[in-house]
Amino acid sequence: SGYGEDQDLSYPFPAICKRAIDSVINNEKSFFVWGSGLQQRDFIHIDDCVKGATLILNKVNDGSAVNLSTGKPTSFIDLAKLILKKVGVSNLPIVTQRSKPEGVFARYGDTKMQNDFGFVPSISLDEGINKSIAFLKLIK
């Protein structure tokens, strides 16, 4: 799942970041995630996607698809915990909303092909969270 600082808030990653920032401002007593919260995504920063696509573009000669990823699945509960810690409310209870959709349960990539082409993502999830939070705080 690609993400970036100015991604539309209808996507889970920026929405969770924004809600975490708002939870501090509004002194929330809990934090919600959709579905079970156990669903997993492979979060890759858009800058890495662009670098990977540019690097691999002329190396695929047979029409093969290359899915860019980190190879590291992260649950939405774990993502929320990481983000909440970054905004200073790591003790906020996370509540799942099972009535809300969670989509495909697990979606993450096998990095072998991209590694064979010389691409390894360089922006960690931690760094990406920092970038997104900083951006969202600026645009309030």
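Quick one: in the stretch 13-25, of everything that is in contact (Cβ under 8 Å) with a residue 40 or more places away in the chain and over 14 Å from I94 (Cβ atoms), which residue is farthest from the chain's Cα centre (by Cα)? Step by step, filter the stretch 13-25, then rank; the result is V24.
Reported count of residues in the stretch 75-129, each being modelled with pLDDT of 95 or more, touching a Gly at 6+ places or on another chain (Cβ under 9 Å) and small (G, A, S), is 3.
Looking at this structure, is L68 farther than 30 Å from F117 by Cα and either small (G, A, S) or under 18 Å from the mean Cα position of the chain (by Cα) (or both)? Walk me through it before giving the result.
Values: farther than 30 Å from F117 by Cα: no; either small (G, A, S) or under 18 Å from the mean Cα position of the chain (by Cα) (or both): yes.
The answer is no for L68.
All conditions but one from (1) surrounded by 15 or more Cβ atoms within 10 Å (Cβ to Cβ); (2) more than 23 Å from I139 (Cα to Cα) apply to Y3; the one that does not is (2).
The values are calculated or read from the model by the stated rules, or taken from the named source; none is laboratory data. Every value quoted in this text rests on a predicted model; they were computed, and no experiment measured them. Virtual Cβ from ideal backbone geometry, glycine too; neighbours counted across all protein chains shown.
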